[in-house]
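Take a look at the structure set out below.
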Amino acid sequence: MTTTQTTDTKIRLDAVRLEYVKEEGRSRHLAVESISLDIRDKEFLVVVGPSGCGKSTLISAIAGFLKPTGGHITMDGREITRPGADRGVVFQEYALLPWKRVIDNVALGLKFKGVPKAERYATARRFLAITNLADAEQKFPHELSGGMKQRAAVARTLANAPEVMLMDEPFAAVDAQTRMTLQEELVRVWEQARLTVLFVTHSVEEAVFLGDRVVVLTPGPGRIKSIVDVSIPRARRNWQEMNQDPEFIRLRDEVLVQVRGQPVAA
Amino acid sequence: MNAGLLTPATERFLKGAAGVLVLVALWQASVPLVGLEPYFYPSPADVWHAFVELMEKGILPVYLVDSLYRYLLGVGLGIVLGIAAGLLIGLSATASRILTPLINFLFAIVEVAWIPIFVIWFGYGFKTILIALVYVVLFPLLYNTLLGVRTVPQVYVNAARSLGATRLQLIKDVILPAALPNIITGLRVGAGFAFRGLIFAEIIAAKTGIGYLIFEGASTQQTARTIVGMIVMGLLWLFLDRCYLKPIERVTIERWGQVTTAEDRE
């Protein structure tokens with residue numbers, strides 16, 4: 001758990017402590033006790049941990065929805081204090097605006113920036129094509145399947161050209177087959193977009209399939225248990241190959257042991 | 001027996017018209033049986049003659065236009081003020097603390113109680129009626145807008161903010177549309193309240209209008225005129241409901257597929 005400052009650090013978490021006030025009561029819940037972590041520029045970092053380990057809270061804090069009650073979160077050396085278009089978020093519940101057509105959802109960030117309509121539609125169409133949604137641009141979100149909604153949400157985030165994409169268990173609500181397709185597509189899309197990704201999941205398989213590095217958190221309140229490097233080449237990252245890849249199987253089992261809290265096999 | 005000859009809509013209309021005709025026929029037939037003076041129990045023919053007379057003298061068109069003008073202007077102003085106040089209270093904690101007790105208190109004083117003092121301040125006629133209507137429409141709009149604003153799913157707000165929305169863009173593109181189903185509920189309630197309020201205010205504080213016609217007809221023993229006024233009032237409400245409230249609902253709520261926040265959460 002070293003936090004050596006390297007020149008290519010994009011986001012730095014320094015002894016971050018996160019609490020949130022529970023909806024009804026006045027009680028505060030400690031989600032993350034103390035996390036120090038460097039997210040490197042243009043890496044695909046996955047945080048994995050059991051539910052209640054504070055991984056989604058971590059995303060909220062980096063997105064700027066929630067202020068840490070201790071420590072610091074910086075991006076390019078500047079303290080994060082509020083949400084901003086430099087950090088795009090993909091939510092588990094998609095968060096597409098139901099009153100806007102798919103293309104207007106995808107073009108929304110550009111609209112906020114004041115990009116003229118023709119130009120922002122052109123950009124939106126490019127990202128709809130990348131995410132296999134070209135035929136759905138005139139639909140409303142409720143007409144889409146779960147997988148299509150999440151593709152649209154990814155397209156919306158990418159069309160806004162953020163420096164970092166924060167993904168909060170984005171594929172948790174879709175069926176298993178769709179999830180595998182979306183994971184493969186994300187690998188491909190990320191190859192093209194090449195931006196920093198922080199991806200949070202409770203699925204060990206998903207973590208090892210997607211990540212350059214996998215951070216394992218302890219059960220809540222979350223702390224970093226270990227960081228596992230995944231050096232499987234991107235070209236092999238499809239389920240057909242990965243399922244038989246000994247390196248993938250070895251890393252998956254290693255992370256699984258970490259997550260389940262059993263002693264690490266030597 | 002006429003199945004296949006008529007469209008379902010035409011058939012429905014004819015059946016509805018048959019019901020009205022039967023009622024009018026029974027009414028006409030009952031007049032000799034009751035055997036009372038026309039001012040006590042006018043026949044449909046008396047009402048028809050009163051209607052023709054009111055049209056020929058140009059009284060009814062003028063009254064109708066006056067009533068419609070007061071209604072539309074009062075409802076329009078009430079909608080704008082109600083939505084604005086609902087937004088203000090919903091978005092500003094300070095405004096909420098200052099205004100909520102005051103508004104709850106004012107809401108408890110029904111508009112009927114205000115009309116006498118409005119008459120003292122503003123005299124009989126247009127101003128008093130307009131202010132009474134605005135007052136009646138304001139509260140349902142305010143409460144429903146407030147409810148809508150307070151129940152905007154946080155994830156929509158977070159999504160828009162991390163796409164770079166300014167506060168104004170957030171209100172325009174997220175909060176107002178998300179609150180729109182509630183606002184429309186307020187509109188329906190307010191429009192109904194206002195219609196009753198209009199007739200009532202015209203009875204007390206006007207020298208023209210449909211409410212005045214109803215009141216004045218009865219107090220001068222021109223009972224047929226009162227019934228003309230009542231029928232026009234009913235038709236006017238049906239007209240407003242069909243031509244203005246239903247279409248608004250159709251283009252918003254129905255097009256989003258009865259969107260609720262539950263739909264996006266799994």
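The values are calculated or read from the model by the stated rules, or taken from the named source; none is laboratory data. Since this is a predicted model, take the numbers as computed values, not measurements. For neighbour counting, all protein chains shown are included, and Cβ atoms are generated from backbone atoms with ideal geometry for every residue, glycine included. Please note that ligands, DNA and RNA were not included when accessible areas were found on the heavy atoms of the full protein model with its side chains. Shrake-Rupley method; radii C 1.70, N 1.55, O 1.52, S 1.80 Å.
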Note to self: Checking the structure you have, find out if any residue of segment A:158-167 is open to solvent by less than 10 Å² (accessible area, probe 1.4 Å), among the polar types (S, T, N, Q) and within 12 Å of chain B (Cβ to nearest Cβ).
What the structure shows: yes
Checklist line | Cross-chain or 6+ apart pairs with Cβ under 9 Å, segment A:103-116 first and in contact (Cβ under 8 Å) with a residue 12 or more places away in the chain, then open to solvent by less than 20 Å² (accessible area, probe 1.4 Å) and among the hydroxyl-bearing types (Ser, Thr, Tyr) | finding: A:Val106/A:Thr131; A:Gly109/A:Thr157; A:Gly109/B:Ser162
Notebook entry, point to check: closer than 23 Å to A:Val89 by Cα, open to solvent by 10 Å² or more (accessible area, probe 1.4 Å) and in a helix (DSSP H, G or I) - does that describe any residue in segment A:249-263?
Noted result: no
Check: How do the helices (runs of 4 or more DSSP H) wholly within segment B:202-256 filter down when requiring 3 or more residues that are open to solvent by 50 Å² or more (accessible area, probe 1.4 Å): which remain?
Finding: B:210-219, B:223-240
Margin query: For segment A:52-68, give me the residue count where each residue is in contact with a strand residue (DSSP E or B) (Cβ under 6 Å, 6 or more places away or on another chain) and assigned to a loop (DSSP other than H, G, I, E, B).
Written below: 3
Checklist line | Given (1) of a type in the set (Gly, Ala, Ser); (2) farther than 30 Å from A:Pro83 by Cα; (3) at pLDDT 90 or above, index of the condition B:Ala206 fails | finding: (3)
Check: Of all the residues that make up segment B:166-210, how many are of a type in the set (Val, Ile, Thr) and away from every other protein chain (no Cβ under 14 Å)?
Finding: 7
Margin query: Going residue by residue through segment B:107-123, is there one that turns out to be free of Cβ contacts under 8 Å to residues at least 24 places away in the same chain, part of a helix (DSSP H, G or I) and open to solvent by less than 30 Å² (accessible area, probe 1.4 Å)?
Written below: no
Note to self: What are the pairs with Cβ atoms under 7 angstrom where one residue, in segment A:130-146, is within 11 Å of chain B (Cβ to nearest Cβ) and the other, located anywhere, is charged (D, E, K, R) and part of a loop (DSSP other than H, G, I, E, B)? Sequence gap at least six, or different chains.
What the structure shows: A:Lys139/A:Arg101; A:Phe140/A:Arg101
Notebook entry, point to check: Can you pull out the residues in segment B:27-51 that are loosely packed, with under 12 Cβ neighbours inside 10 Å and under 31 Å from the mean Cα position of the chain (by Cα)?
Noted result: B:Phe40
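Look through B:Leu60, B:Leu26, B:Leu73 and report the one residue that is modelled with pLDDT of 90 or more, hydrophobic (A, V, I, L, M, F, W, C) and out of contact with any Leu (no Cβ under 9 Å at 6 or more places or on another chain).
Working: B:Leu60 fails: out of contact with any Leu (no Cβ under 9 Å at 6 or more places or on another chain); B:Leu73 fails: out of contact with any Leu (no Cβ under 9 Å at 6 or more places or on another chain).
Checking each option against the conditions leaves just B:Leu26.
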Notebook entry, point to check: Residues in segment A:55-67 that are surrounded by fewer than 22 Cβ atoms within 10 Å (Cβ to Cβ) and touching a helix residue (DSSP H, G or I) at 6+ places or on another chain (Cβ under 7 Å): how many?
Noted result: 2
Checklist line | Unmet requirement for B:Leu130, which otherwise passes all of (1) open to solvent by 40 Å² or more (accessible area, probe 1.4 Å); (2) within 16 Å of the chain's Cα centre (by Cα) | finding: (1)
Check: Looking at segment A:83-100, is at least one residue touching a helix residue (DSSP H, G or I) at 6+ places or on another chain (Cβ under 7 Å), within 14 Å of chain B (Cβ to nearest Cβ), aliphatic (A, V, I, L, M) and surrounded by fewer than 20 Cβ atoms within 10 Å (Cβ to Cβ)?
Finding: yes
